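Asker: To start, I am sharing the structure in question, which I have written as structure tokens.
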Amino acid sequence: MTNAETGAPPDVRLRPWSRDDFWLLGRKNAPEMTEHLGGPETEAQLVARHERYLRIDGNAGRMYTIRLARGGEVVGSIGFWGRDWQGEGVYETGWGVLPEFQGRGIAAAAAQAVQGEAARHGNRARLHAFPSVDHGASNAVCRKAGFVLVGPCDFEYPKGTFIRCNDWMVELAVLG
């Protein structure tokens, strides 16, 4: 029986981002994957993002590939990184699951796993996610992963563009 048949959450593993993971940025750069993020990026932007992902580590955050525990297949990415939010140093998280793996609970399982990673490796008390208010799937991921809805907010992403988002938060101190 599969996890989908039993109702159990999918078993995923997070692996730190590596130089070999650039291909995943290309796969995630499709219009359907970037619709709520300002659209696809240029090749130069992808290269710069990849370099940022390779540099982020420790208290600043971490980036990961999401892999299925059985077989190790790469199905997406997730991470956490530091930011100032409403006068407080917090972590932000974001994820992307490849289209052929969406709808299986993988993003929610990875979002729960990244909470543990942020609690273990980070030094900030809260983890936030900021999905667009009209991105039903990402808001559902937050709910399923145990985030608490703080409320709607205006959020700058990409730089220079403000979008209406939901602010979801989880306390990391209780996880550590």
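Asker: Based on the mean of other beta carbon atoms within 10 Å per residue, what is the order of 95-101, 53-59, 154-160, 111-117, most packed first?
Answerer: Working: 95-101: 17.9, 53-59: 14.4, 154-160: 11.1, 111-117: 20.9.
My ranking of the peptides, most packed first, is 111-117, 95-101, 53-59, 154-160.
Asker: Cα gyration tensor of the range 23-75, axes a ≥ b ≥ c as square roots of the eigenvalues: rounded (a/c below 1.5), prolate (a/b > b/c) or oblate? Each step should come with its number before you reach the end.
Answerer: Numbers: a/c = 2.00, a/b = 1.14, b/c = 1.75.
Because a/c hits 1.5 or more and a/b fails to exceed b/c, the range 23-75 counts as oblate.
Asker: If you don't mind, another one. Counting only helical runs of four or more DSSP H residues, what would the 222 nm mean residue ellipticity of the chain come to if each run contributes -39,500 (n - 2.57) and the total is spread over all its residues?
Answerer: Working: 6 runs with 53 residues, N = 176.
After summing the helix terms and dividing by the residues of the chain, the value is -8500 deg cm²/dmol.
Asker: What is the Cα coordinate range of the chain on the first, second and third principal axes, sorted by size from largest, in whole angstrom?
Answerer: 47, 40, 32
Asker: Let me ask something else about it. Using a probe radius of 1.4 Å on heavy atoms only, what accessible surface per residue do you get for the chain? Whole Å² is fine.
Answerer: Numbers: 9350 Å² over 176 residues.
With the other protein chains kept in place, the chain gives 53 Å² per residue.
Asker: Starting from the exponent 0.38 and prefactor 2.2 Å, build the expected Rg for the range 54-133 from its residue count and divide its actual Cα Rg by it. Before the final figure, lay out each step's value.
Answerer: Numbers: Rg = 13.0 Å, N = 80, 2.2 N^0.38 = 11.6 Å.
This ratio for the range 54-133 stands at 1.12.
Asker: Determine the share of the range 58-160's accessible area contributed by carbon and sulfur atoms, expressed in whole percent, with a 1.4 angstrom probe.
Answerer: Values: 2190 of 4650 Å².
Summing carbon and sulfur atoms, their accessible area is 47 percent of the total for the range 58-160.
The values are calculated or read from the model by the stated rules, or taken from the named source; none is laboratory data. Quick caveat, the model's predicted, so the values are computed rather than measured. As a convention, Cβ positions derive from the backbone with ideal geometry for all residues, glycine included, and neighbour counts pool all protein chains shown. When the accessible area is computed, the model is the full protein with side chains, heavy atoms only, and any ligands, DNA or RNA have been set aside. Shrake-Rupley method; radii C 1.70, N 1.55, O 1.52, S 1.80 Å.
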